[in-house]
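The values are calculated or read from the model by the stated rules, or taken from the named source; none is laboratory data. Everything quoted here is computed from the prediction, not taken from an experiment. Because the Cβ atoms are built from the backbone with ideal geometry, glycine has one as well, and the counts that use them run over all protein chains shown. Protein only, heavy atoms only, side chains kept; ligands, DNA and RNA dropped before computing areas. Shrake-Rupley method; radii C 1.70, N 1.55, O 1.52, S 1.80 Å.
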There are 2 protein chains.
Amino acid sequence: MQGSLFAARPMRTSWRLTSAESTLRIAKGRIVSPGTVSAMQGQDLSTVRVGVLGCGNVGASVVSIIQADADSIAAKTGIKLVVTKVAVRNLSADRAVALPDGVLTRDAHAVANGSDVDIVVETIGGIEPARQITLAALKSGKPVVTANKELVANCGAELFEAATAAGVDLHFEAAVGGGIPIMRALRKSLVGERINKILGIVNGTTNFILTKMTEEGAGYADVLAEAQALGFAEADPTADVEGHDAGAKAAIMATIAFGQSVVPGDVFQEGISQVSASDIEAARRLEHVIKLLAIVERTDDEVAVRVHPAMVPITHPLAAVRDSFNAVFVEGEAVGELMFYGRGAGGFPTASAMIGDLLSAISNLKRSTASPFGTLEAAKMRPIDQTSSAFYLKLEVQDRPGVLAAVSSVFGKHGVSIRSMEQHGAGDSASLVLIIHRALESDVQATLRELRELESVQSVGSVMRVIGD
Amino acid sequence: MQGSLFAARPMRTSWRLTSAESTLRIAKGRIVSPGTVSAMQGQDLSTVRVGVLGCGNVGASVVSIIQADADSIAAKTGIKLVVTKVAVRNLSADRAVALPDGVLTRDAHAVANGSDVDIVVETIGGIEPARQITLAALKSGKPVVTANKELVANCGAELFEAATAAGVDLHFEAAVGGGIPIMRALRKSLVGERINKILGIVNGTTNFILTKMTEEGAGYADVLAEAQALGFAEADPTADVEGHDAGAKAAIMATIAFGQSVVPGDVFQEGISQVSASDIEAARRLEHVIKLLAIVERTDDEVAVRVHPAMVPITHPLAAVRDSFNAVFVEGEAVGELMFYGRGAGGFPTASAMIGDLLSAISNLKRSTASPFGTLEAAKMRPIDQTSSAFYLKLEVQDRPGVLAAVSSVFGKHGVSIRSMEQHGAGDSASLVLIIHRALESDVQATLRELRELESVQSVGSVMRVIGD
């Protein structure tokens, strides 16, 4: 099939098959078994030229899947994918895939504007130059498929408008949850649903770390180091462990779920670097596990989006999502509870989502249509201090008469209701573990500020939000 | 908005909004808050007339959602849904929804062919007359959205061809997994994926029963009676408990996953009526739970589809799917493991899936396009005796010298490898519990036939397949 790599015109092939031929199929002079010719019957087989931006882990996986499966995909969909251009920064770097001569280039704009590219796959990452090149590709009438959460989260509104103006698709399934088809579920299946809440475990690095801390009782620093050694965390792990990666994904999920623009700057982000082995143990005793959650909620006409560690009841479906797996739990008014689970990162899972997007976009392109966005207005955000949560708190206190009364009365003063309180230890280093009923964040923070002023409270050791059953 | 119920022409509304107007939106003379007008900017607002076949649990839920949410759906999608016709058998029966005069009719063909219906929702169930009416609707250029697993599983090929010929959509998200968007995931997101295996818990009745047996140690008959009393099982529960409902859904999943036609007759079906409390207990001791699984596998060019009870390791994501919830676990070559979880039945979850399908189909209809099927060739089926599984077996034996040797040698003779063997009890009523390594079904069945002939084997008590980790 080498010659077709640079085919300028789509190939047209159609057969009519009689039942007598049903056990034998001739396709392009090659005998194939029943079933593989299905999509070719009466359908055009179109060659579509794919330009890929970037050839790292994800880009190379996309190319690899296309190389391995182009024929089976063509048999099923009538679409023959060929990679005609791959833009990279360094032509001589080792690649995980073999590419024919003339495909590799340093010219990203050749991909965006080139006449030998029908559709663009963007795997560069980051905001610039990905944004410029994506806009250029859209303007030149090429659909774009991206995995770039930073780009979509920060520049979504502008990109959606450009895609709408150009009448082509911008797809970004791979930007959230890797191979999990959550974006399509939110954009299509659930577009008529009144979504009330989304809880997501959307960062594999932090889920890997928290799972190991939970299952082995190890401390954060040790597990982070192990994660880095194993390639589950970056040398600079900040974006993952401080919740920024999850924050970008939360913004995208909120935008798509509600049809209103939410950007990372709207999202409260607290990471896992303060989660201790004793917090993990406290959760276990309470029959919870600690997860880094992206939480998206709508109340009336306001949207609240936040990322922070949270204690999740072990009976909740999210509690069983371990290791570097991701999951998105959706609560809708009619549909009830849904959960989508899978590998949230990795070359092939991410590339798989991009292939699905490619085929969707091509299907639309062939019919001169595109999935609509509309123009998204900015969401009306409800800041975190106006949201409510249950809490787990650990206070280091002096063990002496009157401490419990003093502490309780601060809570009472701010209208924060205590569900349970336990004292551990004695003398000068006792700790109080409290579970607080669902309360307004601002009331809880006011309570904590006042507690820190109490003479008998040495410090506020841990503050963690708790997800209700 | 009453007047719009019978609007024959789509309403067109578009505004250009300046930033000065961004805090105030005027829509149809009504002041709305930011965000709700998003989709209306620069887009046509189309009224689409929905004809519903059937007004039972699911049909009434569809009507109810449309009545409650038509405005918010219109704001988000530019599509205003109105129900213009609802066909029922009995005009005077109590309905869960209030319908305007002139909407209810006994004439299903008025829905399929009527000039006041743009798109048809089919909730009648069963094969006829649903098949005839669906074909009539498709032929008259109306997309059809159905929840009818029997119809799609048995008549899919014919219906897909009719939809393709008419150039309109046939959507059936609600036929498998209720509100879970598994069909769209398989048809779209994963269309380019090489799917190796699907494991589904797709029948809520049997999952409810097995969960109660597991969590309460109760026997099958008692729990079935309770399920019937609670409305989780029918008076005649055969279709659910004997695996026929799951079999139809398995056939649909296989057809869509592989692009080849699989019908219920191709699917081995064994239900849960022989699952005993002691089987459940045996599973627990082995750290497994018993689930009724729909298993879809592809090997080379053959497809194997079966439904039967199976022991699932408690560490498997499916093991945590309890009560009447459904889940579909997919293993793909690139994407790895995915799981989709949610409420597999119930009026509102099912209706939610139909609303998503409605909006998709309408979006295509407005652009004179449709999701393609191709013409599906019949899959080459691999019968169950050519599939492989691990097994749990329980034999009632006489406890005397030579029994273990005799039993083991029968396994050895058929090349079936024993992983573990335990004897319980003594004397005339001992039992042997065996776990068999993955073996060919035909070899295991041959082994069992020969074991039954052994003098020392009184009976084969339990035979259950075991899912590997």
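Looking at (1) over 27 Å from residue A:375 (Cβ atoms); (2) modelled with pLDDT of 95 or more, can you tell me which one residue A:231 breaks?
The single condition residue A:231 does not satisfy is (2).
Looking at (1) open to solvent by 10 Å² or more (accessible area, probe 1.4 Å); (2) at the interface with chain A (Cβ under 9 Å from one of its Cβ atoms), find the lone condition where residue B:365 falls short.
Here residue B:365 clears every test but (2).
Filtering the stretch B:283-292 down to residues that are open to solvent by 30 Å² or more (accessible area, probe 1.4 Å) and not charged (D, E, K, R), which residue is nearest to the chain's Cα centre (by Cα)?
The extreme case among them is B:288.
Looking at the stretch A:122-138, can you tell me whether even one residue there is open to solvent by less than 20 Å² (accessible area, probe 1.4 Å) and within 14 Å of chain B (Cβ to nearest Cβ)?
No - not one qualifying residue is present in the stretch A:122-138.
Taking the stretch A:47-64, which residues are farther than 16 Å from residue A:349 by Cα and either not basic (Lys, Arg) or not assigned by TED's automatic domain parsing to the domain that holds residue A:106 (or both)?
Result: A:47, A:48, A:50, A:51, A:52, A:53, A:54.
Taking the conditions exactly as written (in a helix (DSSP H, G or I), at negative phi, among the aliphatic types (A, V, I, L, M) and outside the structural domain of residue B:47 (by TED's automatic domain parsing)), does residue B:292 satisfy them or not?
no
With the condition kept exactly as written, say whether any residue in the stretch A:245-267 is in contact with a Phe, Trp or Tyr (Cβ under 6 Å, 6 or more places away or on another chain) and open to solvent by less than 40 Å² (accessible area, probe 1.4 Å).
Within the stretch A:245-267 (the criterion being in contact with a Phe, Trp or Tyr (Cβ under 6 Å, 6 or more places away or on another chain) and open to solvent by less than 40 Å² (accessible area, probe 1.4 Å)), the answer is no, since none of the residues qualifies.
Can you pull out the residues in the stretch B:55-113 that are within 12 Å of chain A (Cβ to nearest Cβ) and assigned to a loop (DSSP other than H, G, I, E, B)?
Across the stretch B:55-113, the qualifying residue is only B:78.
Filter the stretch A:293-304 down to the residues that are open to solvent by less than 20 Å² (accessible area, probe 1.4 Å) and out of contact with any Asp or Glu (no Cβ under 9 Å at 6 or more places or on another chain), then identify the one that is nearest to residue A:254 (Cα to Cα). Spell out how you get there, then give the answer.
Keep residues of the stretch A:293-304 that are open to solvent by less than 20 Å² (accessible area, probe 1.4 Å), which gives A:293-296, A:303-304.
Narrowing the set further to residues that are out of contact with any Asp or Glu (no Cβ under 9 Å at 6 or more places or on another chain) leaves A:293-296.
Working: A:293: 14, A:294: 10, A:295: 9, A:296: 6 Å.
Selected residue: A:296.
Looking at A:98, A:68, A:147, A:93, which one is among the aliphatic types (A, V, I, L, M) and open to solvent by less than 30 Å² (accessible area, probe 1.4 Å)?
Details: A:98 fails: open to solvent by less than 30 Å² (accessible area, probe 1.4 Å); A:68 fails: open to solvent by less than 30 Å² (accessible area, probe 1.4 Å); A:93 fails: open to solvent by less than 30 Å² (accessible area, probe 1.4 Å).
After ruling out the rest, the residue left standing is A:147.
For the stretch A:226-260, give me each residue that is in contact (Cβ under 8 Å) with a residue 60 or more places away in the chain and of a type in the set (S, T, N, Q).
A:255, A:260
Residues to consider are B:179, B:200; find the one that is under 17 Å from residue B:294 (Cα atoms), in contact with a strand residue (DSSP E or B) (Cβ under 7 Å, 6 or more places away or on another chain) and touching a residue at least 40 places away in the same chain (Cβ under 8 Å).
The unique qualifying residue is B:200.
Of the residues B:395, B:451, which single one is over 35 Å from the mean Cα position of the chain (by Cα) and more than 30 Å from residue B:160 (Cα to Cα)?
Values: B:395 fails: over 35 Å from the mean Cα position of the chain (by Cα).
On inspection, the qualifying residue turns out to be B:451.
Take the stretch A:339-368 and flag every residue that is free of Cβ contacts under 8 Å to residues at least 24 places away in the same chain and out of contact with any helix residue (DSSP H, G or I) (no Cβ under 7 Å at 6 or more places or on another chain). Give the steps one after another, and end with the answer.
Within the stretch A:339-368, the subset free of Cβ contacts under 8 Å to residues at least 24 places away in the same chain is A:339, A:367.
Selection gives A:367 alone.
Could you check how many residues of the stretch B:160-183 are in contact with a helix residue (DSSP H, G or I) (Cβ under 6 Å, 6 or more places away or on another chain) and not in a loop (DSSP other than H, G, I, E, B)?
Counting residues in the stretch B:160-183 that are in contact with a helix residue (DSSP H, G or I) (Cβ under 6 Å, 6 or more places away or on another chain) and not in a loop (DSSP other than H, G, I, E, B) gives 9.
Could you check how many residues of the stretch A:164-187 are over 18 Å from the mean Cα position of the chain (by Cα) and surrounded by fewer than 22 Cβ atoms within 10 Å (Cβ to Cβ)?
So the count comes out to 4.
Is at least one residue of the stretch B:248-260 more than 14 Å from chain A (Cβ to nearest Cβ), more than 23 Å from residue B:149 (Cβ to Cβ) and out of contact with any Asp or Glu (no Cβ under 7 Å at 6 or more places or on another chain)?
Quick first cut of the stretch B:248-260, residues more than 14 Å from chain A (Cβ to nearest Cβ) only: B:248-253.
From the residues that got through so far, the ones that are more than 23 Å from residue B:149 (Cβ to Cβ) too are none.
There is no residue in the stretch B:248-260 that is more than 14 Å from chain A (Cβ to nearest Cβ), more than 23 Å from residue B:149 (Cβ to Cβ) and out of contact with any Asp or Glu (no Cβ under 7 Å at 6 or more places or on another chain).
Looking at the structure I just gave you, is residue A:212 closer than 17 Å to residue A:357 by Cβ and open to solvent by 10 Å² or more (accessible area, probe 1.4 Å)? Break it down into steps so the answer makes sense when it comes.
Numbers: closer than 17 Å to residue A:357 by Cβ: no; open to solvent by 10 Å² or more (accessible area, probe 1.4 Å): yes.
No, not satisfied.
Taking the stretch B:188-209 as the region of interest, how many residues are under 18 Å from the mean Cα position of the chain (by Cα) and more than 10 Å from chain A (Cβ to nearest Cβ)?
Count: 14.
Does the stretch B:311-327 hold any residues that are over 14 Å from the mean Cα position of the chain (by Cα) and surrounded by 24 or more Cβ atoms within 10 Å (Cβ to Cβ), and which are they?
Scanning the stretch B:311-327 gives B:311, B:312, B:321.
Being in the same structural domain as residue A:406 (by TED's automatic domain parsing) and farther than 24 Å from residue A:271 by Cβ narrows it down to one residue among A:425, A:461; which is it?
A:425
Go through the residues of the stretch B:372-379 one by one and say whether even a single one is among the hydrophobic types (A, V, I, L, M, F, W, C) and within 23 Å of residue B:327 (Cα to Cα).
no
Okay, residues lined up against (1) over 24 Å from the mean Cα position of the chain (by Cα); (2) among the aliphatic types (A, V, I, L, M); (3) modelled with pLDDT of 95 or more:
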| residue | (1), (2), (3) |
| --- | --- |
| A:97 | yes, yes, no |
| A:106 | yes, no, yes |
| A:118 | yes, no, yes |
| A:138 | no, yes, yes |
| A:151 | no, yes, yes |
| A:159 | no, yes, yes |
| A:162 | no, yes, yes |
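Filter the stretch A:334-360 for residues that are open to solvent by 20 Å² or more (accessible area, probe 1.4 Å) and in a loop (DSSP other than H, G, I, E, B); which is nearest to the other protein chains (Cβ to nearest Cβ)?
Of everything passing the filter in the stretch A:334-360, A:346 is nearest to the other protein chains (Cβ to nearest Cβ).
Checking the condition of a type in the set (Gly, Ala, Ser) and modelled with pLDDT of 95 or more, which residue from B:431, B:352, B:456 passes?
Matching residue, one of B:431, B:352, B:456: B:352.
Considering only residues of the stretch A:382-407 that are surrounded by fewer than 19 Cβ atoms within 10 Å (Cβ to Cβ) and among the aliphatic types (A, V, I, L, M), which is modelled with the lowest pLDDT?
A:404
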